[in-house]
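Read-outs: derived from the displayed coordinates by stated rules, not from any lab. Everything quoted here is computed from the prediction, not taken from an experiment. Counting neighbours? That spans all protein chains shown, and the Cβs are built from the backbone with ideal geometry, glycine included.
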Amino acid sequence: MNERALFRLAFVIAAMVTIVAMARANKAQPFGKVETVLATGFAYDGDMLAGDRFFCLRRAVDSKTPGVAHRWRRCGSRVKITNRRTGRSVWAKVIDRGPYWLVPTSCARGRRDRGGFAYVTHKCWARGRIATKRERIDALKRKPPRSGWEYANGLDMTPPTYRAIRFNGREPVDLRWSK
């Protein structure tokens, strides 16, 4: 082999090593995007929606099925949920669409908690309503609800999911997902 051929071989090997190193670096951090949302629980024993068919699963589930409901994350995608208060994390699959509970903006005007979320009292929660079909479609497109209303929370978790992170019922969580 002449000197030129050896140089080409060394160049090809260096390029391949660089490509492999870049691929490994991309695999090391697949869950880079973070969203802080206000989370609640659903599908627990006694919940008005317990026993209903879930959108993504196309079947009814009991309170032992782990998973979350998200308005626009792809069905079956995995998300990592971290409780900001306890620091505990859990992996879960998106098994349903939602939450679609809207509260009047006037209830929460000017009152925000430390996470920047609307402070919604039980009285205000009772004045809320379920989103219409049009608003649910808009939610999939990440559009806000019509004027005068806002979503009360951003994520619903089933009992096995919220027990794993020692969730207290309604608090901010960090949600991570892949690209």
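For segment 2-8, take each phi angle, set θ = phi - 60°, evaluate the Karplus expression 6.51 cos²θ - 1.76 cosθ + 1.60, and give the result in whole Hz per residue in order, putting x for glycine and proline.
Result, ordered by residue: 8, 5, 5, 5, 5, 4, 4 Hz.
Calculated FRET efficiency, LYS33 and ARG85, Cβ-Cβ r, R0 22 Å, to nearest 0.05?
0.55
Step through the residues of segment 135-141 one at a time and calculate ³J(HN,Hα) from phi using the Karplus curve (6.51 cos²θ - 1.76 cosθ + 1.60, θ = phi - 60°), rounding each to whole Hz and writing x for Gly and Pro.
5, 5, 5, 4, 4, 5, 8
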